1. Quick one: residue 65 ticks every box in (1) modelled with pLDDT of 80 or more; (2) open to solvent by 20 Å² or more (accessible area, probe 1.4 Å) bar one, so which box is it?
2. From 10, 70, which residue is assigned to a helix (DSSP H, G or I), more than 20 Å from residue 164 (Cβ to Cβ) and modelled with pLDDT of 70 or more?
3. What pairs come up if the first residue lies in region 46-72 and is free of Cβ contacts under 8 Å to residues at least 60 places away in the same chain, the second is open to solvent by 70 Å² or more (accessible area, probe 1.4 Å) and in a helix (DSSP H, G or I), and their beta carbons are under 8 Å apart, counting only those six or more places apart or on different chains?
4. Where residues in region 129-173 are within 14 Å of the chain's Cα centre (by Cα) and modelled with pLDDT under 90, which of them is farthest from residue 107 (Cα to Cα)?
5. Looking at region 114-134 only, could you name the residues that are among the charged types (D, E, K, R), assigned to a helix (DSSP H, G or I) and open to solvent by less than 70 Å² (accessible area, probe 1.4 Å)?
6. Kindly indicate which of 28, 96 is farther than 23 Å from residue 14 by Cα, open to solvent by less than 70 Å² (accessible area, probe 1.4 Å) and at pLDDT below 80.
7. Which count do you get for residues in region 135-157 that are exposed (fewer than 15 other Cβ atoms within 10 Å of the Cβ) and within 21 Å of residue 10 (Cβ to Cβ)?
Amino acid sequence: MKLDNLLPLVYDELRKLARHKMQSERDGHTLQHTALVHEVYLKLVQTDMSFIDRAHFFATAARAMRQILVDHARRKNRDKRGGAFEKVSLDEAVAGPAAPPVDILDLDRALQRLAELDPRQSEILELHYFGGMTHEEMAAVTGVSPTTIDRELRLAKAWIKRELSDHKSWKPL
């Protein structure tokens with residue numbers, strides 16, 4: 001299905017996902033959730049691709065959302081010449097409900113390192129965190145069972161938590 005036909009069907013869901021992601025951003029963040037959805041749309045339009053199904057669309061949208069948030073954080077840090085990092089809270093299942101925020105650039109670097117070790121775990125965590133996908137949706141995208149998704153997601157979350165706790169920006173309570 002082409003993006004122009006699909007967008008009206010998923011726009012509200014994308015806004016909810018973007019709103020959820022933006023709530024974990026620092027106060028005064030210059031990118032609003034509606035703008036994030038529009039940025040995702042523009043990024044997807046430029047690819048001119050068709051989507052196999054809903055899961056494929058949201059997987060692609062999750063990747064675009066990650067890229068946009070990372071690019072925004074990089075621009076902001078560059079503009080401030082190394083100023084304060086942009087913070088996002090990592091999924092409560094990874095960091096715990098009272099965990100401090102994690103720098104989006106650190107998270108992106110950790111996901112890249114995980115991709116070198118286990119591309120599927122990296123993809124699953126990206127789909128979960130940035131795409132808000134259920135286990136069943138991630139299973140459809142990756143072609144593995146929901147049970148495998150559950151196991152791989154738990155491993156990926158543990159690896160990311162350990163990786164980020166080793167980083168200087170992570171401040172355990």
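1. Result: residue 65 passes all but (2).
2. Result of the check over 10, 70: 10.
3. 60/47; 64/39; 68/39
4. By that ranking, first place goes to 134.
5. First, the residues of region 114-134 that are among the charged types (D, E, K, R): 116, 118, 120, 123, 126.
Narrowing further to those that are assigned to a helix (DSSP H, G or I): 116, 120, 123, 126.
Once the filter is applied, which keeps residues that are among the charged types (D, E, K, R), assigned to a helix (DSSP H, G or I) and open to solvent by less than 70 Å² (accessible area, probe 1.4 Å), region 114-134 yields 123, 126.
6. Numbers: 28 fails: farther than 23 Å from residue 14 by Cα.
That would be 96, the only listed residue that is farther than 23 Å from residue 14 by Cα, open to solvent by less than 70 Å² (accessible area, probe 1.4 Å) and at pLDDT below 80.
7. Selection size over region 135-157: 1.
The values are calculated or read from the model by the stated rules, or taken from the named source; none is laboratory data. As the structure is a prediction and not an experimental result, all values here were calculated from the model. All Cβ positions, even for glycine, are placed from backbone atoms using ideal geometry, and neighbour counts span all protein chains on display. These accessible areas exclude ligands, DNA and RNA; they are computed on the full protein's heavy atoms, side chains included. Shrake-Rupley method; radii C 1.70, N 1.55, O 1.52, S 1.80 Å.
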